[in-house]
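Below: the structure, in structure tokens.
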Ligand code: NAP
């Protein structure tokens, strides 16, 4: 039976430290979020971020644009916020809706590259440039995943790690950080032919597909460390990508949803904002 990793508890410790650090600054740091459209989950994420900022004394500004705007308007707004001197950290809330005049979702780097590297607290631009040499704004979720793995005290060197998901925000940076720790890393995605055959090899399995219950016990090797990044809303209830009840009997360590990666992601985002304000 797996040990359940308590992300909430670790997040509370980190948040406490941030609060003390913020109190020492000459002025409170400020995080700005650009939110485009009416996506319910995005609005909830923004509310979480607002609450978390408030808790540690970080200022928060949300700018909303309606779903029907075009890419030029989004870019203008990002540039305006980017130039606003009292904004320390700037986030474009993802996913973006399909914008006016476009047939499909616009590649996010077209927008996020407009954010100065010292305000890019989501660390999205670092990936295409020098993600791991800067070490300043690693994407918060990737930091959260690595923190939870560290908590297990399982050494990654030479271990087989499988990441399900290859997004710019989660899958890719997690895979890179695992590589840095000398794990042998496989990245799976929606075109992977036999997902279970890949995931069953994993000593460390990170599920970040956004597909509720994608990972069942048949996907998991006995004794694996299973980190569930998935955060999916089903009928007003949050669920992960991992079938917790069946996988917990097979894994050695597992994260719950909610209460695993989520709270730590918020804590690391706050840490990034504090860092940029400093
Ligand atoms: P995303 O941009 O939609 O990427 C999902 C990835 O999963 C894609 O690479 C996709 O493959 C892959 N995928 C989708 N279905 C799959 C399947 N059946 N088998 C294998 N791979 C599959 O999502 P994201 O932003 O990375 O987020 C992933 C999940 O993490 C979501 O539930 C999100 O809400 C959650 N999340 C949680 C936190 C947190 O703090 N807990 C933070 C960020 C995100 P393709 O590339 O081929 O499309």
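Couple of notes before you dig in:
- Each 5 Å bin from 0 upward holds the following percent of the Cα-Cα pairs of the chain: 1, 6, 13, 16, 19, 17, 13, 9, 5, 2, 0.
- Theoretical gain in end-to-end length, residue 64 to residue 278 [0.36 nm per residue, Cα-Cα removed]: 74.3 nm
- Sorted largest first, extent of region 103-230 alpha carbons per principal axis (Å): 45, 39, 19
- Annotation: extensible slack from residue 71 through residue 197 equals 41.3 nm (criterion: 0.36 nm per residue apart, minus Cα-Cα distance).
- Each of 204, 14, 234 has some number of other Cβ atoms within 10 Å of its Cβ, and from fewest to most they run 234, 14, 204.
- In the chain, the DSSP-assigned H stretches of four residues or longer account for a calculated mean residue ellipticity at 222 nm of -11000 deg cm²/dmol, using -39500 (n - 2.57) per stretch and the full residue count as denominator.
- Selected from 12, 267, 161 as most flexible by GNM, with the chain as the system and alpha-carbon contacts under 10 Å: 12
- Were the residues from residue 150 through residue 55 laid out at 0.36 nm apart, the gain over their Cα-Cα distance would be 31.6 nm.
- Our analysis of region 1-105 gives Rg over Rh at 1.07, with the two radii drawn from alpha carbon positions and Rh computed by the Kirkwood formula.
- With the simple spin-label model, which puts each label point 7 Å out from Cα in the Cβ direction, the residue 118 to residue 43 separation comes to 3.6 nm.
- In terms of Cα atoms, the Rg and Dmax of region 175-278 work out to 14.8, 47 Å.
- Simple spin-label estimate for residue 181 and residue 85 in nanometres, 7 Å along Cα-Cβ: 4.2 nm
- Rounded tilt (10° steps) of 7-23 against the dominant C-alpha axis of the chain: 30 degrees
- Fraction of beta bridges assigned by DSSP in the chain that are antiparallel (%, nearest 5): 10 percent
- Cα centroid separation, region 1-68 to region 241-278 (Å): 14 Å
- Tilt relative to the chain, helix 71-83 - C-alpha long axis, 0 to 90 degrees, to 10: 80 degrees
- Region 136-154-region 174-231 distance, computed between alpha-carbon centres (Å): 15 Å
- Residue of 94, 25, 114 that the Gaussian network model of the chain assigns the largest fluctuation, springs spanning Cα pairs under 10 Å: 25
We did not get these values from a lab; they are worked out from the coordinates using the rules stated. None of the values given here were measured: they were computed from a predicted structure. Cβ: placed from backbone, ideal geometry, glycine included. Neighbour counts: every protein chain shown.
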